[in-house]
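The values are calculated or read from the model by the stated rules, or taken from the named source; none is laboratory data. What you are looking at is a predicted structure, and each value in this text was computed from that prediction instead of being measured. Here Cβ is always computed from backbone atoms with ideal geometry, including for glycine, and neighbour counts include all displayed protein chains.
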Amino acid sequence: MESLRVADSFRVRLHAGVAQARSLGAHLTRFGDAARMAGVSRQMLDEFLTMSRARIAAAGDGFPRLEVWQEDHCAPELRLSLRPLPELGDSLALKTAPDVMLDDASVKGPNLARLTVLNEQLGAEALLLRDGAVAEGATTALLWWEGETWEGETLCTSTVTERVRSVTEAYLLDAARQYGVSVAARTVPSAALHNHEVWAVNALHGIRAVTTIDGRALPAASARLQRFRDILDRSWEPVLG
């Protein structure tokens, strides 16, 4: 049976006639690392990425996905899926899904179909836990704030390592450090987020404010949300560079 082994997707926009994606180099590196682990040769990977960048740039606005598929006892196959840009959002709700066990939790791809169904069943973004601690959203990385002002505040992330390595999360944490904002990793249950400003971040939507967790309203987003959206917008790179 054929299965999706690796996937990596990102938003593409046309800006002044040039196709761009945020932190594209980091996405290609993440995909390449996982594809090599899945058995794709360096030559095959390089040829595929060169072809894909040309096709993605020609397609313009969209949400393309790089994929590694594999059938039982067969060599892995590289594919490019050119998909239209979905509706973008500024906020979302989370619902905890405490008993979800994932295969290859640190690799994006094997669990996508299952997590899509889970989100549909919950009517919200699934908040995934590991041993009771906040790990990630089904399609997002989660960041939250301790402190209410730019001075003395801390941008927090999960200590859980068995999760997808988020390109957007890494960019924002690095940017926070560059601006002198304290960054910390925390091990917390979902209830500990109820009194904090929480962001769900990914390559499609950028930064979305989490409005509720399990139906409980969270504090409203502060002015720092727009500040960091502006910072994130500095990560746009040409698809053909």
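Each row is one residue, and each column tells you yes or no for (1) of a type outside the set (Gly, Ala, Ser); (2) free of Cβ contacts under 8 Å to residues at least 40 places away in the same chain; (3) part of a loop (DSSP other than H, G, I, E, B).
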{"position": "Gly32", "(1), (2), (3)": "no, yes, no"}
{"position": "Leu49", "(1), (2), (3)": "yes, yes, no"}
{"position": "Arg53", "(1), (2), (3)": "yes, no, no"}
{"position": "Ile56", "(1), (2), (3)": "yes, no, no"}
{"position": "Leu78", "(1), (2), (3)": "yes, no, no"}
{"position": "Pro84", "(1), (2), (3)": "yes, yes, yes"}
{"position": "Leu88", "(1), (2), (3)": "yes, no, yes"}
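Just the residues that are assigned to a helix (DSSP H, G or I) and surrounded by 15 or more Cβ atoms within 10 Å (Cβ to Cβ), please, taken from the range 200-228.
Arg224, Leu225, Phe228 - these are the residues of the range 200-228 that are assigned to a helix (DSSP H, G or I) and surrounded by 15 or more Cβ atoms within 10 Å (Cβ to Cβ).
So Gly147 clears everything in (1) at pLDDT below 95; (2) under 29 Å from Arg13 (Cβ atoms) except one condition, right? Which one?
So Gly147 meets the others, but not (2).
Quick one: in the range 19-30, of everything that is hydrophobic (A, V, I, L, M, F, W, C) and outside any helix (DSSP H, G or I), which residue is farthest from the chain's Cα centre (by Cα)?
Out of the qualifying residues, it is Ala19.
So is Asp104 out of contact with any strand residue (DSSP E or B) (no Cβ under 8 Å at 6 or more places or on another chain), assigned to a loop (DSSP other than H, G, I, E, B) and under 24 Å from Ala200 (Cβ atoms) or not?
yes
Conditions tested, residue by residue: (1) surrounded by 12 or more Cβ atoms within 10 Å (Cβ to Cβ); (2) not assigned by TED's automatic domain parsing to the domain that holds Leu28.
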position: Gly60; (1), (2): yes, no
position: Arg65; (1), (2): yes, no
position: Thr96; (1), (2): yes, yes
position: Val100; (1), (2): yes, yes
position: Glu120; (1), (2): no, yes
position: Ala126; (1), (2): yes, yes
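Identify, from the list Ala19, Ala38, the residue that is closer than 26 Å to Arg114 by Cβ and surrounded by 13 or more Cβ atoms within 10 Å (Cβ to Cβ).
Residue meeting the stated conditions: Ala38.
Residues Gly109, Gly137: which one is farther than 28 Å from Gly241 by Cβ, in contact with a strand residue (DSSP E or B) (Cβ under 9 Å, 6 or more places away or on another chain) and of a type in the set (Gly, Ala, Ser)? Outline the logic, then answer.
Numbers: Gly109 fails: farther than 28 Å from Gly241 by Cβ.
The conditions single out Gly137.
For the range 166-215: of the residues being among the charged types (D, E, K, R) and out of contact with any helix residue (DSSP H, G or I) (no Cβ under 9 Å at 6 or more places or on another chain), which is farthest from Ala7 (Cα to Cα)? Please lay out each step first, then the result.
If we filter the range 166-215 for residues that are among the charged types (D, E, K, R), which is where we start, we get 169, 174, 177, 186, 197, 208, 214.
Add one more test, that the residue is out of contact with any helix residue (DSSP H, G or I) (no Cβ under 9 Å at 6 or more places or on another chain), and what stays is 169, 174, 177, 208.
Working: Glu169: 18, Asp174: 24, Arg177: 29, Arg208: 22 Å.
The extreme case among them is Arg177.
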